[in-house]
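Comments concern the structure below.
No value in this document is a laboratory result; all are computed from the given coordinates. The structure displayed is predicted, hence computed values, not measured ones. All Cβ positions, glycine included, derive from the backbone under ideal geometry; neighbour counts span all protein chains shown.
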Amino acid sequence: MRIISCRCEKTFDADLPEEIDLDREPEALEAILDGDFLAVTCPHCGERIKPDIAISLRSRRAGLTLRVLPEGERASWMMGTPALPKDVDVLIGYAELYERVLIVDDGLDARAVEILKYYILAKALEGAPEAGETPRVLYRGKTEEGKLSFGIEGLRKGELAILALPFDRYEKALKDLPNLAANEPFSSFLLGPHKSIRVLESL
C-alpha cells in the first residue's frame, strides 16, 4: 500500500506496487503510453490522480531494469547520485518514463537518442538565446515516413516546437556512440545510471 496525497488536501491508501515485471504485466506499457499508469481515484473528492511516486520496472525479454523516481527528487538525485547496480537505468518523472517506453517500443537505443537530443538542444540554444528557461527536448516517436520526431519545450513560453530527423541521423549517432561516450560532455550523460542530457543541467 502507498499513501497518496490529493489536491483536495486529503491522503488515502492505494494498492500500488513497488515493482512491476513487464514480462508478466505487459499491459503496464500500454497504460504508460495511454497516460493512465498507476492512476487512482481519490475516495474523498473523486478526482483521478496520477501519483508521482518511485517504482521499479523490469523486463528480462527487453533487457530493461528501470528505477523511476518522482520529478520532485530530481534536484536531490543530481546533487548526490547513490551507488546502483550497473544494469539499472534511472528515469526521473513520468515524461522520461513515457519517452523511454516509446524508445523501446520503436526498437531504438536510448543512448543514441540522447545524443540526437544533445545536438538538437545545442542547435536550438544557438537560435534562441533569449529562452527564459532551459529548453527540454523529448523524443515523440517515429513518423509515418520513418523519421524520428522530437518536441522542444521552453524556446518560447507556452509553445512546443516539433522537429523530425531522418533515420540515418540516428544510425550515425549509434555508430559514433562508443567514441562519443569516451569524451565529455557525452560521457556525463551516457555512462551513468541516468542516461539523459538533463544531467548536464547540474554541471
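Structure above, values below:
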item	result
Computed label-point distance, nm, for sites residue 3 and residue 163 using a 7 Å Cα→Cβ extension	4.4 nm
Rounded Å value of the spacing that divides the Cα centres of region 51-81 and region 153-203	19 Å
Scattering profile of the chain at q = 0.10, 0.12, 0.16, 0.19 Å⁻¹ [log10 I(q)/I(0), Debye over alpha-carbon scatterers]	-0.47, -0.68, -1.19, -1.53
Karplus (6.51, -1.76, 1.60) ³J(HN,Hα), θ = phi - 60°, over region 150-159, in Hz, Gly and Pro reported as x	10, x, 10, 9, x, 5, 9, 4, x, 10
Neighbour-count order for 44, 194, fewest beta carbons within 10 angstrom listed first	44, 194
Estimated distance in nm for a label pair at residue 11 and residue 183, the labels positioned 7 Å out from Cα along Cα-to-Cβ	5.1 nm
Fewest-first ranking of 147, 195, using other Cβ atoms within 10 Å as the exposure measure	147, 195
Theoretical gain in end-to-end length, residue 75 to residue 21 [0.36 nm per residue, Cα-Cα removed]	16.6 nm
